[in-house]
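Remarks on the structure that follows.
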Amino acid sequence: MILASAIVHGVREISSHKFRSLLSMIGIILGVAALVAMVGVVEGMMSGFRKTFEATGGIEKMEIEEAEPPINQRPFAHRSPKRTMKDYYALQASLPNARRISAEKNINWSPLQSETKREWSRIRGTTPETFEIERFYIQEGGRAISDWDVVQKNRVMVLSERTASRLFGNPADAVGQNVSTRGIVFTIIGVIEPDEADSWSRSRVTFIPISTAIHYFADPDDDTINDLGVQAATMEDIPELSDQIERTLLSTHRGIQDFAVETREKELEDFQELERSFVYSLGGVAAITLLVGGIGIANVMLASISQRIREIGIRKAVGAKGSDIFIQFVAEALIISIIGGFIGIIASVGLVELLRGFIPADKGHVALSMRAMGWGFMFSVVVGFLSGVFPAIKAARLPVIDALRYE
């Protein structure tokens, strides 16, 4: 009953001093809005990284990178053929438990010429598994590169939707058409479906069979490849597969350990650490804004006490206890912070939409985080309560006689 009466009295006090109450809410409103917006920016950036991470094979993928051989092997390092297609086929034969094995030969940027238009694109000579590992899906009516294309060194090509649109207008018209690059004519067999994970690099990529890339675009004596990857079925399989990869490649590289099997656990850990750093730093800035808002509430409450000393004295004279006065002022501070928190949440929605207009979609998506809204509102309530405690104690301890005499 006492609490309900305090809440009603607090609402009346706030409504009778609207401008003063609004001033005391501004810090809370800005703090909640800033917290939600900052967390939204961070979560949007991290969400984009997660999609890119998954789109390149996820945590289960291992990369076989070039490495400096041990000192005792360096005099004989020239005996190693480096990474070649022989490694790819050897891994396929020796790793039956691996989910997928892929290889790649990069041609880099090249001009693609249709009958009427030209478009630059990054050409990747790949194996069929690349489409599954990196989650490139083919639009209806087309197909991906097959094992037969690799065996036969077929001059076939898969375009991104953006490249197909630039060359032929309608991507659906691209399949079956011919394009040339560096004097070699290719037939388009498929167009990649766009997705949310599309980045600048994914939307400007063109695929051809890896054997075709080596045959037509590499030096006659150069059969090396640029990338070699193995995707495990589960994370638990990674240690065993890593050992098997090392044994197999030592055989194909004539005993020279000029390679390293890199897992992506460190990359994921670095990403999670970066995410925590962003959340703590940007969330801390917003939390400081909320604290400043709480100080503003405390200042306004203290100022209002000096204007309501006689009122407090009268209430005590007619029987109100110090605890009643304390509850009244704490309730008033809580109501201010609750209203400010709600307004801050509404303002955060508008701020997030505003940021979405300024941040390009390919640079990161600003997410509206319900978790951040909840934490922002809870923190605003806690700040409001704490900021009302000291003024409430001061008001509750006012002597009745001094309060009644106050002019």
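Take the stretch 252-291 and flag every residue that is of a type in the set (D, E, K, R) and either at pLDDT below 75 or exposed (fewer than 14 other Cβ atoms within 10 Å of the Cβ) (or both).
Answer for the stretch 252-291, where residues must be of a type in the set (D, E, K, R) and either at pLDDT below 75 or exposed (fewer than 14 other Cβ atoms within 10 Å of the Cβ) (or both): R254, E265, K266, E267, E269, D270, E273, E275, R276.
I'd like to check something: does the stretch 45-55 contain any residue that is under 28 Å from T130 (Cβ atoms) and exposed (fewer than 12 other Cβ atoms within 10 Å of the Cβ)?
The answer is no, given that none of the residues of the stretch 45-55 is under 28 Å from T130 (Cβ atoms) and exposed (fewer than 12 other Cβ atoms within 10 Å of the Cβ).
Using beta carbons and a limit of 8 Å, which pairs, at least six apart or on different chains, have the first residue in the stretch 100-120 and in contact (Cβ under 8 Å) with a residue 40 or more places away in the chain and more than 30 Å from R83 (Cα to Cα) and the second one in a strand (DSSP E or B) and among the acidic types (D, E)?
Close Cβ pairs (under 8 Å, with a partner that is in a strand (DSSP E or B) and among the acidic types (D, E)) do not exist here.
With respect to A172, determine if the residue is modelled with pLDDT under 90, among the aliphatic types (A, V, I, L, M) and more than 25 Å from E60 (Cα to Cα).
So A172 fits the description; yes.
Within the set of pairs 6+ apart or on separate chains, which have a first residue in the stretch 72-89 that is over 13 Å from T248 (Cα atoms), a second that is surrounded by fewer than 16 Cβ atoms within 10 Å (Cβ to Cβ) and charged (D, E, K, R), and C-beta atoms under 6 Å apart?
Taking only residues 6 or more apart or on different chains, the pairs are R79/R254; S80/R254.
Could you list all residues from the stretch 119-134 that are assigned to a loop (DSSP other than H, G, I, E, B) and hydroxyl-bearing (S, T, Y)?
Once the filter is applied, which keeps residues that are assigned to a loop (DSSP other than H, G, I, E, B) and hydroxyl-bearing (S, T, Y), the stretch 119-134 yields only T127.
Just checking, does the stretch 141-149 include any residue being in the same structural domain as F207 (by TED's automatic domain parsing), outside any loop (DSSP other than H, G, I, E, B) and within 27 Å of I238 (Cβ to Cβ)?
Taking every residue of the stretch 141-149 in turn, at least one turns out to be in the same structural domain as F207 (by TED's automatic domain parsing), outside any loop (DSSP other than H, G, I, E, B) and within 27 Å of I238 (Cβ to Cβ).
Table: residues versus (1) of a type outside the set (G, A, S); (2) at pLDDT below 75.
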| site | (1), (2) |
| --- | --- |
| A347 | no, no |
| G357 | no, yes |
| G376 | no, no |
| V381 | yes, no |
| E407 | yes, yes |
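Could you list, in sequence order, the residues of the stretch 138-148 that are touching a strand residue (DSSP E or B) at 6+ places or on another chain (Cβ under 7 Å), more than 15 Å from S102 (Cα to Cα) and not small (G, A, S)?
Answer for the stretch 138-148, where residues must be touching a strand residue (DSSP E or B) at 6+ places or on another chain (Cβ under 7 Å), more than 15 Å from S102 (Cα to Cα) and not small (G, A, S): I138, Q139, R143.
Taking Q244, is it surrounded by 16 or more Cβ atoms within 10 Å (Cβ to Cβ), at pLDDT below 90 and closer than 30 Å to H78 by Cα?
Criteria not met by Q244.
From the list P70, P75, which one is closer than 13 Å to Q257 by Cβ and in the same structural domain as G255 (by TED's automatic domain parsing)?
P70
So in the stretch 70-90, with the set limited to residues that are hydroxyl-bearing (S, T, Y) and not in a loop (DSSP other than H, G, I, E, B), which one is nearest to the chain's Cα centre (by Cα)?
Per the stated criteria, the residue is Y88.
May I ask you to list the residues in the stretch 91-121 that are more than 29 Å from the chain's Cα centre (by Cα), within 25 Å of D223 (Cα to Cα) and of a type in the set (G, A, S)?
Passing the criteria: A93, S94, S110.
Given the options I59, I64, name the one that is assigned to a strand (DSSP E or B), out of contact with any Pro (no Cβ under 9 Å at 6 or more places or on another chain) and of a type in the set (A, V, I, L, M).
I64
Could you tell me which of the residues T116, T187 is polar (S, T, N, Q) and in a loop (DSSP other than H, G, I, E, B)?
T116
I'm told A172 meets every condition in (1) touching a Ser or Thr at 6+ places or on another chain (Cβ under 9 Å); (2) of a type in the set (A, V, I, L, M); (3) surrounded by fewer than 17 Cβ atoms within 10 Å (Cβ to Cβ) except one. Can you identify the failing condition by its number?
(1)
Can you name the condition, by its number, that T206 falls short on among (1) crowded, with 16+ Cβ neighbours inside 10 Å; (2) under 30 Å from L386 (Cβ atoms)?
Going through the list (1) crowded, with 16+ Cβ neighbours inside 10 Å; (2) under 30 Å from L386 (Cβ atoms), T206 breaks only (2).
The values are calculated or read from the model by the stated rules, or taken from the named source; none is laboratory data. Values in this document were obtained by computation on a predicted structure and should not be read as measured data. Here the Cβ is made from the backbone with ideal geometry for all residues, glycine too, and neighbour counts use every protein chain on show.
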